[in-house]
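No lab work stands behind these numbers, since they all come straight from the coordinates. Nothing here was measured: the structure is a model prediction, and the numbers come from that model. All Cβ positions, glycine included, derive from the backbone under ideal geometry; neighbour counts span all protein chains shown.
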Amino acid sequence: MNHIFLAEFDELMGDSYRVLGQCRQEWRTFLEFAAGYFKIHDITHPLIVEIGIWRNTQKQFYEKLLGAEHIGIDIDKRANPDILGDSLAPSTLNSLRDRLAGRMIDLLFIDGHHSYAGVKGDYETYAPMTRYLVAIHDVLCTTHKEVDVNRFWVELQANDKDHPFILFHKSRSHERGTIFDGQEMGIGLMVKE
């Protein structure tokens with residue numbers, strides 16, 4: 001990654017790591033990989049769909065650092081999503097299809113439902129519409145009963161022998177008492193093409 005990208009990343013990041021729920025190093029390394037991948041594949045304006053945008057903080061990273069068109073899906077209108085609705089609802093899928101107008105997604109970032117069935121449903125619904133990269137957040141989180149992304153991530157890798165998988169992770173076990181309280185999260189990435 002070049003120094004201009006790093007400077008822009010640091011400027012955009014500021015204190016937003018406290019809002020992103022992601023480790024600064026995980027997020028930066030993930031973005032560096034995506035930027036390099038798109039550059040090698042001559043994709044100058046990638047189409048990124050993000051499921052679960054919370055405060056919509058990540059949109060600025062995608063748009064400013066990757067030159068991306070970003071479509072955010074969320075159930076919370078306070079997040080100001082492009083598509084308001086449950087990602088597993090047929091109406092939400094239809095709204096996205098209308099916006100895509102036949103185009104494929106270049107990068108899908110799944111961070112909405114955190115139950116096993118929810119993340120699996122998001123993956124099975126949207127990954128077939130994705131050409132290059134599928135990222136899933138919280139693939140290492142095992143500390144909350146309602147979060148079962150890790151089980152899906154392990155299963156996905158075991159059942160898919162055709163694609164490479166990459167894990168972006170920095171241990172947080174030492175961060176007890178912080179906003180993350182030692183929770184391991186991680187960003188899992190499947191490279192489709």
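Grab the Cα-Cα distance for GLU193 and ASN94, subtract it from 0.36 nm times how many residues apart they are, and report the gain in nm with one decimal.
33.1 nm
Per-residue counts of other Cβ atoms within 10 Å, averaged by peptide: what ranking do you get for 157-170, 129-142, highest first?
Result, highest mean first: 129-142, 157-170.
With Cβ to Cβ distances under 10 Å as the rule, what net charge do the other residues near VAL49 carry (K, R +1; D, E -1)? Intermediate results must be reported in sequence, preceding the final value.
Working: positive: ARG99; negative: GLU50, GLU69, ASP82, ASP106.
Around VAL49, the charge tally is -3.
Ranking request for peptides 35-43, 118-126: highest mean number of other beta-carbon atoms within 10 Å first, then the rest in descending order. Spell out each step's value before the answer.
Details: 35-43: 14.0, 118-126: 19.7.
The peptides rank, most packed first, as 118-126, 35-43.
Assign one of three labels to region 24-191, namely rounded, prolate or oblate, based on the Cα gyration tensor with a ≥ b ≥ c the square roots of its eigenvalues; rounded applies when a/c is under 1.5, prolate when it is not and a/b is larger than b/c, and oblate otherwise.
rounded
Using the Karplus curve 6.51 cos²θ - 1.76 cosθ + 1.60 with θ = phi - 60°, what ³J(HN,Hα) values do you get for each residue of region 27-40, in whole Hz, with x for Gly and Pro?
Each residue of region 27-40 in turn: 5, 5, 5, 4, 5, 4, 4, 4, 4, x, 4, 5, 5, 4 Hz.
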